[in-house]
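Enquirer: Below you'll find the structure I mean.
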Amino acid sequence: MSDPLGPCGPSGPSGPSSGPGMTAATAFAGMRRVSPVVFKAGCPDCRGRFELAASALRLAIGATSRTTFYSFTCPECGSAVRKPAGERVVELLTGGGVRTLRLHSTV
Ligand SMILES: [Zn+2]
């Protein structure tokens, strides 16, 4: 009968093979990059907070930043909300697949 417990010599770098970091790495690797983009928005009328998909938002780019805004319909009260969109917001919305409407035709 041979000894089931073989000699455990120092044959390799031993490190923390299991730990809380391992779980986080696994969860991170399992994340999907194709998750739908949602934008957090608020309604000034009913003060509701919600997340809207890119298809629920419309971006209108005017000649100036004053006429550039994004609009959506509040899912809570149904009112049309229009808010000014800065450069960062424009980049965020266009990058997320929001339909863009250019108000000025001279490009
Ligand atoms: Zn509302």
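Enquirer: Show the residue pairs meeting these rules: Cβ distance below 7 Å; 6+ apart or different chains; first residue within segment 38-58 and within 15 Å of the ligand (Cβ to nearest atom); second residue assigned to a helix (DSSP H, G or I).
Expert: L57/L93
Enquirer: Looking at segment 62-72, is at least one residue modelled with pLDDT of 95 or more, on the phi < 0 side of the Ramachandran plot and hydrophobic (A, V, I, L, M, F, W, C)?
Expert: yes
Enquirer: I would also like to ask the following. So, in segment 55-89, exactly how many residues are open to solvent by less than 30 Å² (accessible area, probe 1.4 Å) and farther than 16 Å from K40 by Cβ?
Expert: Total meeting the criteria: 5.
Enquirer: Here is a further query. In segment 27-54, what count of residues is obtained for those that are open to solvent by 100 Å² or more (accessible area, probe 1.4 Å), at pLDDT 60 or above and not in a loop (DSSP other than H, G, I, E, B)?
Expert: Selection size over segment 27-54: 3.
Enquirer: Determine, yes or no, whether L93 is more than 16 Å from the ligand (Cβ to nearest atom), surrounded by 12 or more Cβ atoms within 10 Å (Cβ to Cβ) and not in a strand (DSSP E or B).
Expert: yes
Enquirer: Exactly one of (1) assigned to a strand (DSSP E or B); (2) more than 13 Å from the ligand (Cβ to nearest atom); (3) out of contact with any Phe, Trp or Tyr (no Cβ under 7 Å at 6 or more places or on another chain) is unmet by R88. Its number?
Expert: (1)
The values are calculated or read from the model by the stated rules, or taken from the named source; none is laboratory data. Keep in mind the model is a prediction, meaning the values are calculated, not measured. Note that each Cβ is placed from the backbone with ideal geometry, even for glycine, and that neighbours are counted across all protein chains shown. Just the protein is used for accessible areas: all its heavy atoms, side chains included, with ligands, DNA and RNA removed. Shrake-Rupley method; radii C 1.70, N 1.55, O 1.52, S 1.80 Å.
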